[in-house]
1. Which of the helices in the chain, when you take each full DSSP H run, stretch at least 15 Å along the axis at their Cα atoms and have an average Kyte-Doolittle score of -1.0 or higher?
2. For labels at Glu46 and Ala294 in the simple 7 Å Cα→Cβ model, what's the distance in nm?
3. Given region 83-337, what percent of its DSSP beta bridges are antiparallel, to the nearest 5?
4. Semi-axes, largest first, in whole Å: what does sqrt of 5 times each Cα gyration tensor eigenvalue give for region 2-66?
5. If we sort 150-158, 190-198, 332-340 on the protection proxy, mean other Cβ atoms within 10 Å, highest first, what's the order?
6. Which of Ser225, Leu319, Pro106 sits closest to the plus end of the dipole of the chain, meaning its Cα is farthest towards the positive end, when Lys and Arg get +1 and Asp and Glu get -1 on the C-beta?
7. Would you please put 104-111, 29-36 in order of how densely packed they are, using the mean number of other Cβ atoms within 10 angstrom per residue and starting with the highest?
8. Magnitude of the Cβ-charge dipole of region 2-66, K/R +1 and D/E -1, about the Cα centre, nearest 20 debye?
Amino acid sequence: MIVVMEKGATEQQIENVIEKLVGLEFVVHRSTGVVHTVLGGVGPTELVDPEEFKVMDGVMECHRIMAPYQLANRSFKPEGTVVRFENARAGEAEIGGKQVVVMAGPCSVEGENQVMRCAELVARAGARFLRGGGMRPERSPHPVQELGEEALKLLRLAADTYGLFLVSEVADAARIRMVEEYADLLLVGSRNMQNYSLLKALGGASKPVLLKRGIAATIEELLVSADLILTGGNYKVIVCERGIRTFETYTKNTLDIAAIPVVHKLSHLPVLADPSHATGRRDKVTPMALAAVAAGADGLLIDVHPDPDHAVSEGAQSLWPEQFAALMGQLKTIATAVGRTI
């Protein structure tokens, strides 16, 4: 249930609506926009007549939202969500605004020299976030040895040294607090998109969350998963299109470019794209990155490695530093064409 308050509605009028919603066994989430306050009620929507709220003082309109995602619904925050970041070393950044934010770095941490070199290269080219896997789950039952917290320390040091924010993956609820200590943005990988215990726990996290679409998930399922985080009280959620499994085998996955404008239509959440994991081929990363920005992506995740041919993991999809620098130049042209900046 979505209740939109009139411009200038008093705090008492807003509290009266909240009280009525709570009395009907709704959990209420409040969104204060530039003009209107919007109240999102999660509960027995199908049993309540919106007319009961439309006649209340201060209420402009009320809608019954029958989609399985309510807080992620565009109706909850029509102006869109902007997720803001700030720290002393990296300054300020926002995702969901005019700027297209690029996150780049190695798929896995291999050691201090590699991480520092990656951070230097991507920062020089114009990236705002260092992306790196410190505790990334592998597909194989025989994974490359992970460095755990030591890897997170290296990533944080590299990010701070070169004035970058850090995004890193959290794979289970027990490690949320540890990853929060180092990362500015917590990434939920595609394998965990429907790990509901993890998503609920992230609802109580203090850091923003980047939620990747599952390999066989529909857009609706992605937004339902985002709703679980939002319901927990963490409204700083970003979703990511990273490719889905189809019958095509030339690329690792199929980047669903259409999902970007579709999510923007259905939801207020910012949308990123990950052409590296979508294609699995470095020669296809650049054209797909350009297409994603043209389609409205608010940012990109790009795998970059100083020597991809000798990378421990995902070398085939990692750009050489000179390729990444060239891509950043091309992205500026595309972003300008669609009224945005890099």
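1. The qualifying helices are 11-23, 112-125, 149-161, 219-231, 282-294, 321-337.
2. For the pair Glu46/Ala294, the computed spacing is 4.3 nm.
3. 20 percent
4. Equivalent ellipsoid of region 2-66: 18, 11, 11 Å, largest first.
5. Ranking, from highest mean packing down: 150-158, 190-198, 332-340.
6. Comparing the listed Cα positions along the dipole, Leu319 ranks first.
7. 104-111, 29-36
8. Charge dipole, region 2-66, about its Cα centre: 220 debye, nearest 20.
Taken together, the values in this text are just the output of simple stated rules run on the coordinates, not laboratory data. Every value quoted in this text rests on a predicted model; they were computed, and no experiment measured them. Glycine gets a Cβ as well: all are built from the backbone with ideal geometry, and neighbour counts include every protein chain shown.
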